[in-house]
Amino acid sequence: MKRLFTITTFILFGVFFATPVFADTSENIFYYFPNTMGYQSLEDHYRDIDILAPQIYTFGYDLKLGDIESDDAIKFAKKKRVDVMPLVVNANFDINLMSQLLANEDVQDDLIDDMIDEARHRDYIGWQLDFENINHFDRQRYVDFVKKVYKEFKKRDLVLSVAVIPRTTPYVQNSYDQDWSSGYDIGAIADTSDFVSIMSYDDPKSIGPVSSMTYLNKVLDQTLKDTPAEKISLGIPFYCWQYELGNSKKIANVTYEISANTQEKYKDAGVFSAYFDALEAEIFAFVKNGRVNYIWCDNEQSIEAKLDLVHDTGLRGISAWALGQEDLKVWKHF
C-alpha cells in the first residue's frame, strides 16, 4: 500500500456483496507480500482468511501489467480453498506514470484485458486497484477509469475494489495544500466499484500511534459524508512505529514481535509499557545506547476496539496491514 514494508500483507475484513451487509457477516481478507513471516502467518491462520489479496503485480513503465512476482502464496491459498484477489500497483507509486495511464484509453484497455485474462488463468475472484500518488488534476480521470474497469469486470463476474487514501477534511480543488489523498473522490469511486479500502492504518500527521482511535473517528466522519458505510473497509495497522525521544520523526517500522523482543533485550537498562485507552494504542519504552526509545503498537486490545468501531458504524469490515506483523493474540478476534 502506501509504503512497501519488508513484511506485509493486508487484511480486509469485508464482504463482497452488492447489497448492504453487517459486520457480523463480514469476511477476512489479507494482503500479502512475499516474505517469510507473512507466509508463516498465512500457513498458521489460513482458516480465518476468506480472501487473500497479495500485492504481487505492478503496472510498469512499459505501460503493461507486469508478471506475477511470486506465486507461492497463490498456490497455498488455492490448495486450502482460500479465495484470492490480488492488488495491482503503479511502479514506485509514480505520479507521472499514473497520468500516462489515465490519459491513454488504449493503455487502459490493454491493462483491463490483461487483468481479466490473468484472473481467468489463475482463478482470482477479482482485483484491487492500489494506484497511489495520483495528481489531483487527474482526480476525475481516475473515477472514469475505475468506472470503466468496473463495467468490464461485471461482465465477467469479477470483484473490483479500490484502495484509497482518506481525508479528515474536505477536498478543496484550488488549495495549495494537496497531498496523496487529493487524487481520490472516494464517494464517486465507491459508487463505481464493489467497495473501497480506506488506508486509514497510517496517520500521516501522527508523531505517536500509527492510527489512533481519534484519527479513525475523524476519517470516518469525513468519509461517511458521501460514501455508504457498507462500501467502506476500514484500514487498521498491525505494524508498529519506533521513535527516539526528542525526535518526532519515526526511525523505524517494526513488527509487534520485534517490538516485544526489543523490550526484552533492553530490560536491564529499564523498560516501560502502557496502554492508552483514549488512543487505543500500546506503547513500549526502553533505553538503547543511553537514549530513550519508544514504540507505538496495535495489540489485541486495540484491534478489538477497532473491530467494535466497525460494528458500531455498520462498515463493511476492516483492512489490516499486514500479515506477519501482528500481535498473535489478535487472532482470537477473527
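Just so you know, all these numbers are worked out from the coordinates, no wet-lab data involved. Only a predicted model underlies this, so the values are computations on that prediction, with no experimental measurement involved. Cβ coordinates were reconstructed from backbone atoms using ideal geometry, including for glycine residues, and neighbour counts include every protein chain displayed.
Pairwise alpha-carbon distances in the stretch 42-179 exceed 20 Å for 49% of all pairs. Once the cut-off is 24 Å, how many percent of the Cα-Cα pairs in the stretch 171-279 end up in the long-distance tail? When every Cα pair of the stretch 171-279 is considered, 39 percent fall beyond 24 Å. For the pair the stretch 234-253 and the stretch 130-150, the centres of their Cα atoms are 30 angstrom apart.
What fraction of the DSSP beta bridges in the chain is antiparallel, stated in percent and rounded to the nearest 5? Each step should come with its number before you reach the end.
Details: 29 of 58 bridges.
Counting DSSP beta bridges with both partners in the chain, the antiparallel share is about 50 percent.
Using R0 = 51 Å, the C-beta based FRET efficiency linking VAL292 and ASP226 works out to 0.75.
Could you pull out the pairs from LYS249/LYS306; LYS78/LYS218; LYS151/LYS225; LYS80/LYS154 whose alpha carbons sit more than 28 Å apart here?
Values: LYS249/LYS306 25 Å; LYS78/LYS218 38 Å; LYS151/LYS225 25 Å; LYS80/LYS154 26 Å.
Result: LYS78/LYS218 exceed 28 Å.
P(r) tail for the chain, what percent of Cα pairs lie past 38 Å?
On the way: 6967 of 55611 pairs.
Percent of Cα pairs beyond 38 Å in the chain: 13.
Long hydrophobic helices in the chain: none of the complete DSSP H runs spans 27 Å or more by Cα along its own axis with mean Kyte-Doolittle hydropathy of at least 1.6. With N as its number of residues, the stretch 244-295 has a Cα radius of gyration that, divided by 2.2 N^0.38 Å, comes to 1.11.
So between ILE251 and PHE272, what do we pick up on full extension, going 0.36 nm a residue minus the alpha carbon distance? Working shown, then result.
Details: separation 21, 0.36 × 21 = 7.56 nm, distance 1.89 nm.
Full-extension gain reported as 5.7 nm.
Going from the residue with the fewest nearby Cβ atoms within 10 Å to the one with the most, LEU158, LEU323 rank LEU158, LEU323. Of the residues LEU245, LEU216, LEU111, the one with the fewest other Cβ atoms within 10 Å heads the list, and the complete ranking is LEU245, LEU111, LEU216. Put simply, the convex hull of the Cα atoms in the stretch 213-334 casts, on average, a shadow of 8.1 nm². With just the Cα atoms defining each centre, how far is the stretch 286-319 from the stretch 32-100? Give it in Å. Computed from Cα coordinates, the inter-centre distance equals 24 Å. Sorting THR223, THR36 by the number of Cβ atoms found within 10 Å of their own Cβ, with the fewest placed first, yields THR36, THR223. The reciprocal of the average 1/r between distinct C-alpha atoms defines the Kirkwood hydrodynamic radius, which for the stretch 203-251 equals 12.5 Å. With contacts taken as Cα pairs under 8 Å at a separation of at least 6 residues, the chain carries a relative contact order of 21 percent.
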